[in-house]
Amino acid sequence: MSDNYTGLIAVRGGSQRIKNKNIRDFCGTSLLEIKIKQAMTCPLIDSVVVSSDCDEMIDLARKIGAKTHKREPFFCSNDVPMNLVYEHLANSIDCKNVVYLHVTSPLLKDKTLINCIETYNKKKDEGYDSLATVETVKKYLWYENEAINYNPNKHPRSQDLPGYYALNFAVNIISSENMIKNKNILGRNFYPFILDETESIDVDNMFDFEIAKFYYEKVNGLFER
């Protein structure tokens, strides 16, 4: 099955919470290298593009064999709205469907990535215009001193709470046309692809980084290196 799927990995040099997060040592490799290699070995992805303002990340991508897109500093700044970044990226690559992959999801399984693409390919014929990985949230949620997903006077068990979806951005799949039109990696009617807790781990700070390293080593049998 091939419908012109391009794996797009967007990274920038200015990581605020974790210095050099994308290329710092992560179990003998790096978050960026893990994601590039995963995308390049996926049989359903036709090409892989790494977009960055960082020469070191661009060089790493080229050495591994990915295509590269040198992004202008404006589109990597802290001030630019992500909607403009998404539009710019989609306009900068030539493809039909974008498989947008975040390096901050190192626990995503290869078979899950394949399943996501296969699912998107089926669901787009059912009226869905995109796919987004999510995790199910079943917690007692409050906002402005009010419960928003349960009645405190009839306190339910946690397993009986409604299942809210939280976007984890491990994988987003959308046509290039819709990415430009919506200026987003989410369409107007996305299919929620549920991941378990481990695959949903998103590296945002040093605590996440260390947790991800622990599970990555465990999953890949690296404890006795």
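The values are calculated or read from the model by the stated rules, or taken from the named source; none is laboratory data. Everything numeric in this text was worked out from a predicted model, so none of it was measured. A quick note on method: Cβ atoms are made from the backbone with ideal geometry, for glycine too, and the neighbour counts reach across all protein chains shown. Note: areas computed on protein heavy atoms with side chains; ligands, DNA, RNA excluded. Shrake-Rupley method; radii C 1.70, N 1.55, O 1.52, S 1.80 Å.
Of all beta bridges DSSP finds with both residues in the chain, what is the antiparallel percent, to the nearest 5? Walk me through the intermediate numbers first.
Details: 15 of 33 bridges.
If we restrict to bridges inside the chain, about 45 percent are antiparallel.
Other residues whose C-beta falls under 14 angstrom from the C-beta of ASN189 contribute a net charge of +1, scoring Lys and Arg +1 and Asp and Glu -1. Quarter the surface of the alpha carbon convex hull of the stretch 118-215 and you get the mean projected area, 9.2 square nanometres.
Scoring 104-113, 118-127 by mean Cβ neighbours within 10 Å over their residues and listing the highest first yields 104-113, 118-127. Against the chain, whose longest principal axis comes from its Cα atoms, helix 110-123 is set at around 80 degrees.
Given in Å, the Rg to one decimal and the Dmax to the nearest whole number for the Cα atoms of the chain are 18.4, 60. Surface exposure of the chain, expressed per residue as accessible area with a 1.4 Å probe, stands at 54 Å². Between ASP208 and TYR164, the FRET efficiency estimated from the beta carbon spacing at R0 = 25 angstrom works out to 0.75. Note on the chain: with a GNM built from Cα contacts shorter than 10 Å, the maximum mean-square fluctuation among ASN22, ASN149, ASN205 falls on ASN149.
Between the Cα long axis of helix 206-219 and the first principal axis of the chain there is an angle of about 80°, rounded to the nearest 10. Considering only GLY28, GLY187, GLY14, the mean-square fluctuation computed in a Gaussian network model of the chain, springs between alpha carbons under 10 angstrom, is largest for GLY28.
For the stretch 135-218, run through the trypsin sites (Lys or Arg not before Pro) and keep only the ones in DSSP coil with at most 11 other Cβ atoms within 10 Å of their Cβ.
For trypsin sites (Lys or Arg not before Pro) across the stretch 135-218 that sit outside H, G, I, E and B with at most 11 neighbouring Cβ atoms in 10 Å, the list reads LYS139, ARG157, ARG188.
Anisotropy class assigned to the stretch 89-130 is oblate, per the alpha carbon gyration tensor with a/c at or over the 1.5 cut-off and a/b no larger than b/c. Bridgeable lysines around LYS21 (alpha carbons under 29 Å apart, same-chain partners fewer than 8 residues away excluded): LYS35, LYS37, LYS63, LYS67, LYS70, LYS109, LYS111, LYS183, LYS213, LYS218. Note on ASP125 and ASP94: the model spin-label points, each 7 Å out from Cα along the C-beta direction, lie 2.9 nm apart.
Each Cα pair under 8 Å and six or more residues apart adds its separation to the average, and for the chain the resulting relative contact order is 23 percent. Summarising the amide proton neighbourhood of LYS21: residues at separation of 5 or more, or on other chains, whose placed amide H is nearer than 5 Å comprise SER15. Helix 82-92 versus the longest principal axis of the chain: what angle, 0 to 90°, nearest 10, using Cα atoms? Once rounded, the angle reads 40 degrees.
Candidate cross-link partners of LYS139 among the aspartates and glutamates, defined by an alpha-carbon separation under 12 Å and a same-chain spacing of 8 or more, comprise ASP160. Full extension of the segment from ASN4 to ILE194, taken as 0.36 nm per residue of separation minus the current Cα-Cα distance, would add 66.0 nm.
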